[in-house]
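Taking it in order: structure first as structure tokens, then the write-up.
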Amino acid sequence: MMNDRGNKLSNLPRRQFLKSTVAAGAMAPWLLSGSRVLGANERLRLASCGVNGRGDQLMKSFALLDGVEIAWIVDPDRRLLERRSEEMKERTGKKPLTTTDVRDALADPDVDGIIVAAPNHWHSLMVVWAAQAGKHCYVEKPASHDFNEGRVALEAFKKYGVVVQHGTHNRSNLGWAARVKAVQSGKYGRLAVAHAFACKARQGIGHSDPSQAPDWLDWNMWRGSALIDDYNSKYVHYNWHWFWETGNGELNNQGTHQLDLAYWSLDPEMRTEFPTRVTSLGGRFKWDDQGVTPNTQISLAEYPNGQKVLMNVRNVDYDGYQRQVENRFYFEDGGKIIGNRYISPSGESEGLEVDDPDHITLGGPFGAFVKACRENKPELANGSMVEGHYSSGLGHLMNIAYRIGEPQPFNEVANRFGDDKIVADQFAELHEIVREGMGVPEDGGRYQVGPWLSFDSTAERFTGEHADRANELLRDQRRDEFEMPAADAV
């Protein structure tokens, strides 16, 4: 295997790379020798993996930072490789190496880390491979595509001691950091419900027949672990979000940002806990397309301490649609925080009083990651793989409850939240929007209603009724070449 400089990267073929670095937790000696300690004044050399759309933005943002070099560009779209490498040369005067296979970049001993903006089903595997190769990793949200691989990636992060930063940018936002601190301060009472919204107007994706993969696409590398046989143009480059094999729907797309804020706002002892029970309902209304993930969804999770996370997804556009990408916080005494204002139980409103957010690393999301890498201190990252597992995993549990749900008549009988006024009111509001705004008729629509699922946070398994079906969805089946190691053998 030769890179663009003509230097031999390794005598190991790609398939043997996997067997050497992943199976049974083995670590190839040549990879260990490729890991290096970065000096304070040395350039941080990164490989950018996935450079369409969001990945292009990330790559260019990192390239603007002093002392950072984009050394490799990785993408299965061969058209993008040449285009992006020329653009980077115009910006920096140096043309990155290119490949469709991230293993080429990881085999380069001069690479310090990778930026992951590939489709969701690649995220955790790239974290694991990077950690095993001694490379740092900035991974876009969600940090995992299924619950199990999130745990594997977390164990790799802990074992190899590299920096992993989860791409939930609100973790680096001074305003949000201060707001979360205010929620936890006790000044406004104890938090009861953290309410997250991921309501962005979208459109259906239509239909397309399977076809031969285009010659400009490395189809094997694009699909990676996903059990997909046939290429379909709907996957490339964005609508993979709306298929379970590759994406996680809006709830763990845009919603990961809001779920992470909700999880962050819980009492600190919940930081390494999952909810004890979870449910979800919704549907894919109006679009009549090939997408399968819900465009309307409301989910509820309850934690061991009684605090709850409520999540709304509402994507169907209509006349008068209200965009909501935000978080609200409801307290036990009836007070609430909406935006930057506290509203008391009596309805009086005042500006939010906040302390300085001294619990994050300054420099924005990219600067924080670079600082953590330079100092070789994973704890300086704003949102590590720990937070990535617990916030992304929360979304996975909600989606599992939805996916094993059954159709029920489109009416408010589907509401099982009557014992919680805050949650019941929000469901009633969503139901009215679906009926009146989206125009779904009472006698013609169906919700997919998931059961209440019990979850053991220590064992990371569902228990009780419906557990067998739910546990099957904790782990995706994968193609052999891209299999994950067991968490205890990473």
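The values are calculated or read from the model by the stated rules, or taken from the named source; none is laboratory data. Bear in mind the structure is a predicted one, so any value in this text is a computation, not a measurement. Here the Cβ is made from the backbone with ideal geometry for all residues, glycine too, and neighbour counts use every protein chain on show. Accessible surface areas use protein heavy atoms only, side chains included; no ligands, DNA or RNA. Shrake-Rupley method; radii C 1.70, N 1.55, O 1.52, S 1.80 Å.
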Matching option when the condition is of a type outside the set (S, T, N, Q), open to solvent by 30 Å² or more (accessible area, probe 1.4 Å), modelled with pLDDT of 95 or more and farther than 26 Å from LEU44 by Cα, among ARG403, ARG374, ARG416:
ARG403
Considering only segment 86-100, I want to know if a residue exists there that is closer than 23 Å to ALA213 by Cα, outside any loop (DSSP other than H, G, I, E, B), within 22 Å of the chain's Cα centre (by Cα) and at pLDDT 95 or above.
no
Do the conditions hold for VAL325, that is, is it in contact with a Lys or Arg (Cβ under 7 Å, 6 or more places away or on another chain), part of a loop (DSSP other than H, G, I, E, B) and in contact (Cβ under 8 Å) with a residue 12 or more places away in the chain?
no
Take the residues of segment 174-193 that are among the hydrophobic types (A, V, I, L, M, F, W, C) and not in a helix (DSSP H, G or I): which is most open to solvent (accessible area, probe 1.4 Å)?
ALA192
Within segment 53-78, can you find the residues that are within 19 Å of SER124 (Cα to Cα) and either modelled with pLDDT under 95 or surrounded by fewer than 17 Cβ atoms within 10 Å (Cβ to Cβ) (or both)?
ARG54
Tell me whether segment 290-307 contains one or more residues that are β-branched (Val, Ile, Thr), within 21 Å of GLU429 (Cα to Cα), touching a residue at least 60 places away in the same chain (Cβ under 8 Å) and surrounded by 24 or more Cβ atoms within 10 Å (Cβ to Cβ).
yes
When you scan segment 246-254, do you find a residue that is in a loop (DSSP other than H, G, I, E, B) and closer than 21 Å to ASP101 by Cα, even just one?
yes
Does any residue of segment 455-470 turn out to be within 22 Å of the chain's Cα centre (by Cα), open to solvent by less than 30 Å² (accessible area, probe 1.4 Å) and among the hydroxyl-bearing types (Ser, Thr, Tyr)?
yes
For GLU429, only one of the following conditions fails: (1) without any contact (Cβ under 8 Å) to a residue 40 or more places away in the chain; (2) part of a loop (DSSP other than H, G, I, E, B). What is its number?
(2)
Tally time: how many residues in segment 346-364 are part of a loop (DSSP other than H, G, I, E, B) and open to solvent by less than 80 Å² (accessible area, probe 1.4 Å)?
7
Can you confirm whether HIS136 is in contact with a helix residue (DSSP H, G or I) (Cβ under 9 Å, 6 or more places away or on another chain), crowded, with 22+ Cβ neighbours inside 10 Å and free of Cβ contacts under 8 Å to residues at least 60 places away in the same chain?
no
